[in-house]
Amino acid sequence: MTLSAILLHPDDTVVCLLRDHRAGESAILPTGPTAPLTADTPMGHKIARVTIAQGATVVKYGAPIGQATAPIAPGDHVHLHNLRGGLR
Amino acid sequence: MSEFKGFPRQTGRAGLRNHLLILSLCGLNAPGARRVAAALPGAVLVSSAHGRGHVGADKAFHTHMLRAFATHPNTGAVLVLAPDDGLCDGVAGHVAATGRAVEGFSLQGWGEDGTAMTAAAIETGRQLLAQVQGQRRADCPLSDIVIAAECGHSDASSGIVTNPLVGDLFDHHIARGGAGVFSETLEWLGCEPGLCARCASPAVSDRLRDLVTARHAIAAAAGHDLHIGNPGPQNHAGGITTLEEKSLGAISKGGTGPIIGALAEGAAITGPGLHLMDTPTLSPESISSMVAGGAQIVCFTTGHGNPYGSALAPTIKLTGNPETAARLPGQIDFDASPAFLGHRARADLLPDLLALFGRVCSGAATASERNDEGDEVISRLGPSV
């Protein structure tokens, strides 16, 4: 089956989409499908693979990329509306 | 595979190429140097646009870079073109001490007759070219190779697929005793804690932080805050949310290993392992500085495409963007898009990349070599007087 998402590091709390996805679809990882997406999400963008509490660190490449500014559920699009970097 | 077919040197690491380098030390020699290069197909031209009126660290850096190119592992022989005998003899002597053939021509020595000097340099260059082209490759250890990583005109595929793939190559090469270097200090912004945690010693970690602080200071002195507007709208549209994330995608091309050194721009990479180098963001400056540090080969990732390569170090151009790979087949050496399209796992591409890497080390031409897109440039560290 064609993969449609990539997990960059085992510790990551998000995965990256390899194509545009519609709400309700699951993205396909080598380990199987993700939780259904809760919104239309474009290629290159991130979705959560686990529950991320508001204020918790979001991890990609095995490293912190910022804090959740809202509660995030598996399958949620993670971007400017719910993730803020530590530098600005 | 632990060996490649290269050119062992009397001093220093083995070469992947055996270039005749036409080295023009000063802007006064640049037009003549272009005529010499045009008459000697197969030779590599490195020409400084400056060379007079440098002061302080800028002067020392200019001299260092020219000498580093002249004694680079991939340089087999050198034709030095200089404005005066002093500069000419200084570089020629430095080259001769490494066992390389070298011939110098100075305008002073030729009574300021650039026409006659060019004609003579071409004649001598023909002999040097025949000499380097007659030398045969021999078995050399792959662990003798320093790989440089660069990214340019990046897109979503770069941070997700192509840079991590080059990182896989770095991890593989360094685990077998080789060396690697990546640069562009501004690409480390926001991931200093993670990078520092990977540093082999507190001294390296402190040095890394100092290098970032110094680049911040350069920007601040000109009224810029590097954190504002970074990442930009294009990054956001591509899915990058934070500066930490953008930087992590960029530095993933260096792999995951411990960081042995945090080097000044152009400084020699003296041992195995992973090194950082402080450089500006422009790819020509960044690549030339890593090449001057001793990198014999470059892996250059791109999203939308980018024809540029090093003149001295074969440059493998990689993209994960399927549209770019299809649009620029004559300019892309490695198509990583099957991993971006989800057809193959990234790990499955590494053997193919290692095979290409081995072929290029042993002499196979890269796209930028075939297309004559190579150059070397020397950063300016300050104004001239």
Has the range B:124-134 got at least one residue that is under 21 Å from A:Ala63 (Cβ atoms) and among the aliphatic types (A, V, I, L, M)?
no
If you go through the range B:330-364 one residue at a time, how many are free of Cβ contacts under 8 Å to residues at least 60 places away in the same chain and in contact with a helix residue (DSSP H, G or I) (Cβ under 9 Å, 6 or more places away or on another chain)?
13
Pick from the range B:359-385, criterion within 26 Å of B:Ser289 (Cβ to Cβ) and assigned to a helix (DSSP H, G or I), ranking: farthest from the chain's Cα centre (by Cα):
B:Arg370
Condition first: in a strand (DSSP E or B), of a type in the set (D, E, K, R) and over 22 Å from B:Ala130 (Cα atoms). Now tell me which residues in the range B:1-19 satisfy that.
B:Glu3
If you go through the range B:116-127 one residue at a time, do you hit one that is within 14 Å of B:Leu21 (Cβ to Cβ) and hydroxyl-bearing (Ser, Thr, Tyr)?
yes
Selection from the range A:8-28 of residues that are under 18 Å from A:Gly62 (Cα atoms) and surrounded by fewer than 17 Cβ atoms within 10 Å (Cβ to Cβ)
A:His9, A:Pro10, A:Asp11
What residue, among those in the range A:32-65 that are away from chain B (no Cβ under 12 Å) and not in a loop (DSSP other than H, G, I, E, B), is farthest from A:Leu83 (Cα to Cα)?
A:Gly32
So which residues in the range A:38-55 are under 11 Å from A:Val78 (Cα atoms) and aliphatic (A, V, I, L, M)?
A:Ala39, A:Ile47, A:Ala48, A:Ile52
B:Ala267 versus (1) part of a loop (DSSP other than H, G, I, E, B); (2) within 14 Å of chain A (Cβ to nearest Cβ): which is the lone unmet condition?
(2)
Looking only at residues that are of a type in the set (Val, Ile, Thr) and closer than 19 Å to B:Ala313 by Cβ in the range B:8-63, which one is surrounded by the fewest Cβ atoms within 10 Å (Cβ to Cβ)?
B:Thr11
Within the range B:335-372, track down each residue that is in contact with a Gly (Cβ under 8 Å, 6 or more places away or on another chain), of a type outside the set (Ser, Thr, Tyr) and either within 30 Å of B:Gln135 (Cα to Cα) or outside the structural domain of B:Pro314 (by TED's automatic domain parsing) (or both).
B:Cys361, B:Ala367, B:Glu369, B:Arg370, B:Asn371
Test A:Ile6 against the stated conditions and say whether it is in contact with a Leu (Cβ under 9 Å, 6 or more places away or on another chain), of a type in the set (A, V, I, L, M, F, W, C) and more than 7 Å from chain B (Cβ to nearest Cβ).
no
Could you check the range A:12-31 and list, in sequence order, the residues that are within 12 Å of chain B (Cβ to nearest Cβ) and either part of a loop (DSSP other than H, G, I, E, B) or over 19 Å from A:Ile72 (Cα atoms) (or both)?
A:Asp12, A:Leu18, A:Arg19, A:Asp20, A:Ala27, A:Ile28, A:Leu29, A:Pro30, A:Thr31
Any chance B:Ser289 is at pLDDT 95 or above, buried (at least 24 other Cβ atoms within 10 Å of the Cβ) and in contact with a helix residue (DSSP H, G or I) (Cβ under 6 Å, 6 or more places away or on another chain):
no
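The values are calculated or read from the model by the stated rules, or taken from the named source; none is laboratory data. Keep in mind that what you see is a predicted model, and the values were worked out from it rather than measured. Cβ: placed from backbone, ideal geometry, glycine included. Neighbour counts: every protein chain shown.
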